[in-house]
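Notes to accompany the following structure.
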Amino acid sequence: MQDYKNPKLILESSALEPGKFTWQSPSNLAIIKYWGKHGRQLPQNPSISFTLNSAVTQTQIEYKQREEAGHGVSLEFFFHGEPKPEFGEKQKKFLESILDIFPFLNQMDLTIRSGNSFPHSSGIASSASSMSALALCLCSIEDKLFGTLSDDEAFDRKASYVARLGSGSACRSVYGTMALWGKFGEVEGSDDTVAIPMEDHVHPLFKTFHDDILIVSKSEKSVSSRAGHGLMEQNPFAAPRYQQANQRLHELLPALRQGDLETFGRITENEALSLHALMMTSNPSYILMQPNTLEMINRLRAFREDTGHPVYFSLDAGPNLHVLYPEDAIHAIRPFIEEELVPLCEEDAWLPDWVGEGPEEL
Ligand code: PMV
């Protein structure tokens, strides 16, 4: 495990040339879920995800010589062009928590401008895309000022490490197609502190997979992911759950390699329901699915049974349904989605998405 604390990343000269960097980074959907953590954002079990294409955050960091020394990081924050103090405060706290990794941040006045491709109040989680975009910008600044991350692999690795500290699942968004986070004996190089790219371990079928997001509710969820992870510490099913995740990953990896859709679909759906079962068996217990989430699941399973088409669902920590299917099934699946599922969405809202190539510097 690598540790990125580095007190040497301090600017010696007082004349800092102002600069800015912009990254666009996607959200991701976990197939094997991360739920439960320990230490400084370390996962209790390995997880693997699809990197999405259309659900993205764009973040720009502008920096210049700090004018007045002061306590803490000097930050102005804009979300979709407007000051957004509650988001800004969160980002400032996060930046202050990683001053051991990027001590030069204290020597600058920073302006962050950020925005999502999806509406903030769409019920789509933005922490993975926003934290990975932020981490990538920070690594670009480090590389520009110190020349320490010119190796692409080292750059991505550090970005993944830093993104993880912001939001665990964000570390996987640094890589396109699929990424694995967490030590897993069967995958060389896997690690609890960073994600690793899995593109070379998956069948071409999965590289163009669809992941349409059906918005059952636009409301903010009643229990945050942070609180949910915390409740796992007392959950009586925690230990068998971590074992189950490892066992499922063991079964999933060959299915991903071989393009075995049936195994993929079975594990994907079981994982989604296991995640929500953990919420229901927490103390206090809570339910994030809505009646229409269940209605969509029932319709999707009936459609699959009737037609034999390879269409599966997943859920994040919320009520919205992710509908997963291979590219060559789109002509059969899209009409089903539009006719049978979209009417169950809040204001008919849904976001067609698919597996993407990962972040991009703009
Ligand atoms: O990254 P966090 O702390 O918001 O946790 C995300 C957890 C899930 O999205 C439910 C699962 C996962 O592995 O992404």
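Helices meeting the span-like rule in the chain (full DSSP H runs, Cα extent of at least 15 Å along the helix axis, mean Kyte-Doolittle score of 0.0 or higher): 127-146, 261-280. Largest GNM mean-square fluctuation across ALA245, ALA272, ALA227, computed for the chain with C-alpha springs under 10 Å, falls on ALA227. The mean sequence distance of close C-alpha pairs (under 8 Å, at least 6 residues apart), as a share of the length of the chain, puts its relative contact order at 23 percent.
Within the chain, the longest run free of GluC sites (Glu not before Pro) that sit in a DSSP loop with at most 15 other Cβ atoms within 10 Å is 221-356. Volume per residue of the convex hull around the Cα atoms, evaluated for region 204-351, comes out as 112 Å³. Between GLU199 and ALA154, full extension at 0.36 nm per residue minus the direct alpha carbon distance yields a gain of 14.4 nm. The value for the chain of Rg(Cα) / (2.2 N^0.38 Å) is 1.00.
Of the listed pairs LYS93/LYS207; LYS8/LYS37; LYS5/LYS183; LYS5/LYS93, which have alpha-carbon separations greater than 28 Å here? Table pairs above 28 Å Cα-Cα are LYS93/LYS207; LYS8/LYS37.
Shape summary of region 163-215, radius of gyration then Dmax from alpha carbon positions: 12.4, 37 Å. What whole-number distance in Å separates the alpha-carbon centres of region 1-76 and region 334-357? Taking the Cα centre of each part, region 1-76 and region 334-357 sit 31 Å apart.
Expressed as a whole percent, the proportion of Cα-Cα pairs in region 101-182 lying more than 21 Å apart is 32%. Could you work out the helix-only [θ] at 222 nm for the chain, with each DSSP H run of four or more residues adding -39,500 (n - 2.57) and the total divided by the number of residues, to the nearest 500 deg cm²/dmol? Helices in the chain give a 222 nm mean residue ellipticity of -11000 deg cm²/dmol. If the segment from ASP3 to PHE237 were pulled out straight at 0.36 nm per residue, it would be longer than the present Cα-Cα gap by 81.1 nm.
Each label point was placed 7 Å from the Cα along the Cα-to-Cβ direction; for ASN246 and LEU294 their separation is 3.4 nm. With both labels modelled 7 Å from their Cα along Cα-to-Cβ, the LYS183 to ALA227 distance reads 3.2 nm. Computed extension gain for PHE78 through ALA302, at 0.36 nm per residue and net of the alpha carbon distance, reaches 76.1 nm. Estimated translational diffusion coefficient (Stokes-Einstein, Kirkwood radius over Cα pairs, 4 °C, 1.567 mPa s) of region 19-201: 78 µm² per second.
Throughout, read-outs are computed from the coordinates displayed, never taken from laboratory work. The model shown is predicted, which means the values in this text are computed figures rather than measured ones. Cβ atoms come from the backbone with ideal geometry, glycine included; neighbour counts cover every protein chain shown.
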